[in-house]
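S.K.: Take a look at this one; I'll ask things after.
The values are calculated or read from the model by the stated rules, or taken from the named source; none is laboratory data. Keep in mind that this is a model prediction, so the values were computed, not measured. Methodologically, a virtual Cβ is constructed for each residue, glycine included, from the backbone with ideal geometry; neighbour enumeration extends over all protein chains shown.
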Amino acid sequence: IVAKLGKNVTNLKVGDRVAIEPGVPCRFCNFCREGRYSMCHDIFFCATPPDHGNLSRYYTHAADYCYKLPDHMSLEEGALLEPLSVGVHACKRAGVTLGSTVLITGAGPIGLVSLVSAKAMGASKVVITDLVDHRLEMAKKLGADFTLQVGLKDAEDELVKKVHSTLGQAPDMSIDCTGAESTVRLAVKSTKSGGVVAVVGMYNPEVKLPLIEILTKEIDLRGCFRYCNDYLSALALVASGTANVKS
């Protein structure tokens, strides 16, 4: 809640309830000027060393990275715009649109917000995988069309067949939300020729991938880092009721 304003702030007033985008870039480097401010080398990002976080009674933040919440949105929903923006960014990077078929690997928090984002953006069929049954149950509640429980010893080729049979086709794009080598490989092998694999999860710094398959299938492998120009999209999805984060 805004307690005090700088003399040049015109977009907010005292008492406004806001969601804070935690990264504030320099605004002047080439990345910022091109609109890809998440790549800024001089970005201040809350709670990312050496930058301190904002777990305090009062905190000063750039006004243009504070987004006013509509009256019908709760502060809890506002707080969840941060992880939701990760999902929105991942879906944008993957190219999710009306009628897309999507594979999401990993049904943890980021996998779930990617699921919510994909359905909100018009994906017609989404299958999500995980090792843990209760995570998949939550995914069903949040709109997953299909869930697929996997095991650590499952054969890779058999999992690919299960993904295809579950969707009735190869997915247009896959979003990996674990960063584990096995799930990134599953995403690559499952995705259709000419499709996209977006990698959100962070795990080992190096993994072994089927490069020849990426080449011959002309799969676009895209990294996803945080978010960029996604907070307003996430806010609109929640404010309109298109994305339900209350669950």
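S.K.: Contact list please: Cβ distance under 6 Å, first residue in segment 33-47 and at positive phi, second residue modelled with pLDDT under 95, pairs at least six apart or on different chains.
M.R.: So the pair list comes out as Ala47/Gly53.
S.K.: Name the residue that is farthest from Lys68 (Cα to Cα), counting only residues in segment 32-52 that are of a type outside the set (A, V, I, L, M) and surrounded by 17 or more Cβ atoms within 10 Å (Cβ to Cβ).
M.R.: Applying the filter and picking the extreme gives Cys40.
S.K.: Go through segment 107-121 and give me each residue that's of a type in the set (Gly, Ala, Ser) and either in contact with a Pro (Cβ under 7 Å, 6 or more places away or on another chain) or within 17 Å of Arg226 (Cβ to Cβ) (or both).
M.R.: The answer is Gly108, Gly111, Ser114, Ser117.
S.K.: If we scan segment 53-60, do we find a residue that is crowded, with 16+ Cβ neighbours inside 10 Å and either over 27 Å from Tyr203 (Cα atoms) or within 19 Å of the chain's Cα centre (by Cα) (or both)?
M.R.: no
S.K.: Any residue that is surrounded by 15 or more Cβ atoms within 10 Å (Cβ to Cβ), part of a helix (DSSP H, G or I) and at pLDDT 95 or above - is there at least one of those in segment 15-31?
M.R.: Taking every residue of segment 15-31 in turn, at least one turns out to be surrounded by 15 or more Cβ atoms within 10 Å (Cβ to Cβ), part of a helix (DSSP H, G or I) and at pLDDT 95 or above.
S.K.: Cβ contacts < 7 Å: first residue closer than 14 Å to Ala94 by Cα, restricted to segment 206-224; second residue in a loop (DSSP other than H, G, I, E, B), any location; separation 6+ or different chain. Result?
M.R.: As it stands, the answer is Ile219/Thr191; Ile219/Gly195; Cys224/Val200, since those pairs meet every condition given.
S.K.: Only residues that are more than 15 Å from the chain's Cα centre (by Cα), over 14 Å from Met173 (Cβ atoms) and surrounded by fewer than 22 Cβ atoms within 10 Å (Cβ to Cβ): list them for segment 102-141, please.
M.R.: Leu131, Val132, Asp133, His134, Arg135, Leu136, Glu137, Met138, Lys140, Lys141
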